[in-house]
Each structure stands twice: as C-alpha cells, then as structure tokens.
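Chemist: Below is the structure I would like to discuss, written out as structure tokens.
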Amino acid sequence: MILGIESSCDETAAAVVTPDGDVLSSIIASQADIHSRYGGVVPEVASRRHLEQISPVIREALFTAGIDLGGVTRIGVTRGPGLIGALLVGLSTAKAMAWACGLPLVPVSHLQGHVASLFLGDEPLEPPFVCLLATGGHTQVLAVRDHCSFERLGTTLDDAAGEAFDKGARLLGLPYPGGAEIDRLAQEGDPSAFSFPVASVPGFDFSFSGLKTSLLYTVRDLGEAATAERRADLAASYQRAIVIALTRRLHQVAEAEGLTRLAVVGGVAANSELRAALPDAAVAPLAYCTDNAAMIASAARYAEPLSPAEALVVDAYASAR
C-alpha cells in the first residue's frame, strides 16, 4: 500500500492507493473558506493550517482504507513546486514517518502527480499521449511517453490559466475560488457577446495577460451598473477565450508530435466548457482534478524510492524545475 501526502498549496491531503492504482481512500481538508476572505491564498496562513490538519488527515486516510502504518509499504509526498512553507509541512511529516517506521520514501513532483492522476482507476490511460496540464499556478503542454516522466513542449509566459480565471473573477466581482464561479455563471451567458483576444505567441507557449487586461478595460468602459447587468455574458466570453487558447495549443502539439491521444489534467480540467470542447480527450476524474494525494501516491508507484536515511536530505522546492 502506498500512502500519498500532498500539501503544496491550500489543500491538506492524504490517500492510500494500491500498487494497481485502486484508490482505497482520498482525504482532502480544503482551506478555500479561510482564504476566500482574502481573495486568494495567503502562504503563511496556509502553512499554519497545514500544521493543524496534516496528522488528522493522515489518520483518517489510513482509517478509511482499513489499514494502519504497518500496512504501508512506501510513502509518496509532494516535494514541489508550490508554496515552500506549505510543502515543508507535508515533506517533513513524510520524512519523519519514513524514518520512524523504516519505510521507503518517494519525493514526487506536483506536476508529475497531476499527470499520474490519469493512471488511476479501472481504465487508466497508458502512454504515449499529449497532455494539457492547467492549474492555478501552471499551464503546460506535455508529451508523456512513459509513466515516470514527461517532456514540456509549451508553457505560459505570464499568468497560468487558473490564475487568469481567478483574476478575471475578481474583476467581475465574483468570490474566490474564481474558476468555479466563472464556470457556473458562464452557463447563463452568451460566449459571443464580447470578443476577447486569444494570444498568438511563438512555439507552443501560452499568454493570458493580454486577455486579462482586455477584460479589465471592458469592465472599466462598461461601468459598474452595465458590468453587473452583463456579468454572465462577460464570464462566458472570457471563459471561451481561455478554452480556445488551451484547446488550440493542445491540438497543435498533438499534430506536431504525431500523438493522437489527448489528455487534460489539473484544476482547470474541471471546467465544463473545456471538457465539452475536448470530447475525445482523456480527462482526470473530477475528484482528482484539483490538488489531492491520490495522484501523488499514483506517481509514487512508478518512481524509485529512497531509503529512510536517503530521504532525510531531500528538500522542497518552490519553482518548477
């Protein structure tokens, strides 16, 4: 049994996954309500909340799976990228458990974990495939040719897609987390009501800063009353521009790489319009789109574990490598 631990941002999560990819438990303690009052994640607040939640969440994951630490054969934990203080809570806990129980430890890239969410369940996706990874902090197009690694072919030059959703929601006066709010409101609006730009940058990269600025100017020109009246149309049109940018790049990379299978992972993969725009793509189950520990345990199935002594020197990192 593999115990996964995830604490890269504002979810404290633990899960137990079998070597075959069956999820026996996946426990997530979200901090969304805490950070909503600030309009975004406050790193110090997140770190302190992780300290409070990490032990109860792990205990619940083990209890739900029907095992104790004696039944765990390895521990997988997020090493980075993410908020460094938050990461250190999960990593330090995992290292202490590995040392105390004599268990091997697998440090996992958070991004590799998102890809590995596709390897869970009754119908796991087998490489090779092209994968769109879209979260609050990262937007990348990846060529995945095996279970253990990927080649990054495109990334964002500024804002990530999830960040663009959150910032757009703030401009529209919607609460945090903004992605889900825009998705909900967009279903009531007309996506052709406003024409927002889709950036064209060299290669397979993305840019969302111009789109965000365009929404800002549109809201300013409309004024407060008109913006409130047309908020649903604005949300739908803004969301459509993001989805077009993501799907266009994914198809371009797939054609260039000669890979026919497409996949989408990360928090933005929960967006209903993105899912509808890619009907033939493999999409991570909704429960494993946002940050969770099952995906970390899934990635840990394929990586070479470290001994408890080797694990003691592993450190966290904040930025993608």
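Chemist: Suppose we keep just the DSSP beta bridges with both residues in the chain; what percent of those would be antiparallel, to 5?
Modeler: For the chain, the DSSP antiparallel bridge percentage is about 60.
Chemist: Out of the total accessible area of the stretch 1-136 (probe 1.4 Å, heavy atoms of protein only), what percent is carbon and sulfur?
Modeler: 54 percent
Chemist: What spacing in nm lies between the two simple spin-label points modelled at Arg48 and Ala96, each 7 Å away from Cα in the Cβ direction?
Modeler: With each label point 7 Å from Cα toward Cβ, the separation is 1.9 nm.
Chemist: Under a crude label model (7 Å from the Cα following the beta-carbon direction), how far is Arg145 from Arg184 in nanometres?
Modeler: With each label point 7 Å from Cα toward Cβ, the separation is 4.4 nm.
Chemist: Still on this structure, I have one more. Using helices alone, I'd like the mean residue ellipticity at 222 nm for the chain: each DSSP H run of four-plus residues gives -39500 (n - 2.57), total over residue count, nearest 500.
Modeler: Working: 11 runs with 138 residues, N = 321.
Helices in the chain give a 222 nm mean residue ellipticity of -13500 deg cm²/dmol.
Chemist: Quickly work out the Ala318-to-Val201 label distance, labels modelled 7 Å from Cα along the C-beta direction, and quote it in nm with one decimal.
Modeler: Here the answer is 2.1 nm between the modelled labels.
Chemist: Please give the per residue accessible area of the chain, computed with a probe of 1.4 Å over protein heavy atoms only, in Å².
Modeler: 42 Å²
Chemist: Give the separation of the Cα centroids, the stretch 40-59 to the stretch 10-26, in Å.
Modeler: 18 Å
Chemist: For the pair Glu60 and Leu216, what calculated FRET efficiency results from E = 1/(1 + (r/R0)^6), where r is the Cβ-Cβ distance and R0 = 56 Å, to the nearest 0.05?
Modeler: The formula returns an efficiency of 0.85 here.
Chemist: Further question: If you keep only loop residues by DSSP, which trypsin sites (Lys or Arg not before Pro) in the stretch 1-77 have at most 15 other Cβ atoms within 10 Å of their Cβ?
Modeler: Listed in order of number, the matching sites are Arg37.
Chemist: Let me ask something additional. Order 85-93, 109-117 from most to least packed using the mean count of other Cβ atoms within 10 Å.
Modeler: 109-117, 85-93
The values are calculated or read from the model by the stated rules, or taken from the named source; none is laboratory data. Since the model is a prediction, treat every value here as computed from it, not as a measurement. Neighbour counts are summed over all protein chains in view; Cβ atoms, including those assigned to glycine, are modelled from backbone coordinates with ideal geometry. Side chains included, ligands, DNA and RNA excluded: accessible areas come from the protein's heavy atoms. Shrake-Rupley method; radii C 1.70, N 1.55, O 1.52, S 1.80 Å.
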